[in-house]
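Below you'll find the structure, written out as structure tokens, and then a few comments.
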Amino acid sequence: MSDPARILLPLDEGLLALPDGPILFIRPSAEIPQELAAREGFVCEQGFKPVADRLEARGFTVVPVAGGRFSGAMVELTRNRAENMANVARALRLVAPDGVVLVSGNKTDGVDSLLKAVRKVTDISGVLSKSHGKVFWLSGAVPAAFADWEAAAGPKRNPAGYLTAPGMFSPEKIDTGSEMLARYFDKSVKGAVADLGAGWGYLAQQALAACDRIETLDLYEAEYSALEAARTNVIDPRARFHWADVSALGKPATPYQTVISNPPFHQSRAAEPSIGIGFIAAAARILKPSGQFLMVANRQLPYETALEAHFKHWEILEQDRAFKVVRARRPKAAR
Ligand SMILES: C[S@@+](CC[C@H](N)C(=O)[O-])C[C@H]1O[C@@H](n2cnc3c(N)ncnc32)[C@H](O)[C@@H]1O
């Protein structure tokens, strides 16, 4: 994880003072220094709901997409280079002409190559290294190249015709696992349906196109921009869109007949089966006793214990060298 205090190092070392007025923090981690919450006009832009929720719980003002003018901005790098370039470019545009932009990131998130790219088009005011990463800052006029950086990360139609953007799940090509799962969307998929971790909407759109007995389909997605893309990709009046953290979903007033999912398996670089396990538990919580859960997962991910814990019956419908498709029925009451 990135060092949350690194972004304040230039201020702590007396090399820079934050200007008065509103400050925007793009993609902050959930652990940013608490002192920032006390600043008037301090706004976090965080489109990933679990992190947005944690920041809000700590007293920060959080929006999924910020607009307006700021005196200064901070950017924490994500794992996606195109998104990082666009975030730095947009931060400088939102603070121009005399604001300052601080950028912090780990080496593993590409901070060195980003710094190099920024240096090619504009001057850097300063750089410091800390905790296997760097913080650098810049100010001044927005270089012409930054408009291209912003455009490159924006949503575009992929070769299959879906609106996607860099940083979303499988933006260029439909995921092979999702395609495998979609082949099981038959007449048993009906009534109220939920898609957990719906991304830009591939599975939901396939289900709605194949299953005319679906009454409603709720897309739950944590990443705001992906959900926005899904609103364009899933054009069916039965679809409803929810910016939500699936692992925090409670038991709904009306449980679902079918839950479909290709659960996320990492937030950082390494596989984190606990996220998928949280999705399996959520599926069991929101299903009717007679409902079914259809899921695809990377074959090596250890989900069997969780399926056993949350469902009375489950089976592998198909598996190949990469993926397994699972059907689970008869959810056990939450313990
Ligand atoms: C493997 S992708 C599947 C996307 C889409 N269903 C498909 O098949 O193309 C998993 C999705 O879950 C989302 N996600 C990750 N953590 C989440 C959470 N806690 N709650 C809701 N969605 C989450 C990711 O942003 C990603 O879009």
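The values are calculated or read from the model by the stated rules, or taken from the named source; none is laboratory data. Model, not experiment: these values are computed from the prediction. Please note: Cβ atoms are built from the backbone with ideal geometry, for glycine as well, and neighbour counts cover all protein chains shown.
One table, with the values for the structure above:
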item	result
Pairs, first at pLDDT 95 or above and in a strand (DSSP E or B) in the range 117-128, second surrounded by 15 or more Cβ atoms within 10 Å (Cβ to Cβ) and β-branched (Val, Ile, Thr), C-beta under 8 Å, six or more apart	VAL127/VAL135; LEU128/VAL135
Test: ILE277 is under 19 Å from the mean Cα position of the chain (by Cα) and more than 11 Å from the ligand (Cβ to nearest atom)	yes
Given (1) surrounded by 19 or more Cβ atoms within 10 Å (Cβ to Cβ); (2) under 17 Å from the mean Cα position of the chain (by Cα), index of the condition ARG54 fails	(1)
So TYR256, is it more than 18 Å from VAL325 (Cβ to Cβ) and within 10 Å of the ligand (Cβ to nearest atom)	no
Scan of the range 156-192 for residues that are surrounded by fewer than 13 Cβ atoms within 10 Å (Cβ to Cβ) and of a type in the set (A, V, I, L, M, F, W, C), ordered by number	ALA160
Qualifying residues in the range 152-182 (those that are in contact (Cβ under 8 Å) with a residue 24 or more places away in the chain and away from the ligand (no atom under 11 Å from the Cβ)) - the one farthest from ALA204 (Cα to Cα)	ALA152
Looking only at the range 75-128, and only at residues there that are within 19 Å of the chain's Cα centre (by Cα) and hydrophobic (A, V, I, L, M, F, W, C), the one that is surrounded by the fewest Cβ atoms within 10 Å (Cβ to Cβ)	ALA82
Any hit, the range 186-200, residues being at pLDDT below 95 and more than 9 Å from the ligand (Cβ to nearest atom)	no
Residue match in the range 67-74 (condition: within 23 Å of LEU114 (Cα to Cα), within 23 Å of the chain's Cα centre (by Cα) and surrounded by fewer than 20 Cβ atoms within 10 Å (Cβ to Cβ))	no
Wholly within the range 1-112, helices (runs of 4 or more DSSP H) carrying at least 1 residues that are within 20 Å of PRO143 (Cα to Cα)	81-95
Flag if LEU287 is hydrophobic (A, V, I, L, M, F, W, C), over 30 Å from PRO159 (Cβ atoms) and away from the ligand (no atom under 11 Å from the Cβ)	yes
Unique match (being in the same structural domain as SER170 (by TED's automatic domain parsing) and either under 29 Å from LEU163 (Cβ atoms) or assigned to a loop (DSSP other than H, G, I, E, B) (or both)) among SER290, SER247	SER247
Those residues of the range 281-298 which are surrounded by 15 or more Cβ atoms within 10 Å (Cβ to Cβ) and more than 15 Å from ALA194 (Cβ to Cβ), in sequence order	VAL296, ALA297, ASN298
Residue match in the range 257-265 (condition: part of a helix (DSSP H, G or I) and over 16 Å from the mean Cα position of the chain (by Cα))	no
Matching residues in the range 178-211 - criterion: being at negative phi and assigned to a loop (DSSP other than H, G, I, E, B)	ARG183, TYR184, PHE185, ASP186, LYS187, SER188, VAL189, LYS190, ALA198, TRP200, CYS211
Residue check for THR216: more than 15 Å from the ligand (Cβ to nearest atom) and either crowded, with 24+ Cβ neighbours inside 10 Å or assigned to a strand (DSSP E or B) (or both)	yes
Test: residue in the range 3-13 that is free of Cβ contacts under 8 Å to residues at least 24 places away in the same chain and out of contact with any Pro (no Cβ under 8 Å at 6 or more places or on another chain)	yes
Residue check, ALA96 farther than 24 Å from PRO171 by Cα, of a type in the set (A, V, I, L, M) and out of contact with any Ser or Thr (no Cβ under 7 Å at 6 or more places or on another chain)	yes
Residues that are touching a strand residue (DSSP E or B) at 6+ places or on another chain (Cβ under 8 Å) and not small (Gly, Ala, Ser), drawn from the range 307-322	LEU307, GLU308, HIS310, PHE311, LYS312, HIS313, TRP314, GLU315, ILE316, LEU317, GLU318, GLN319
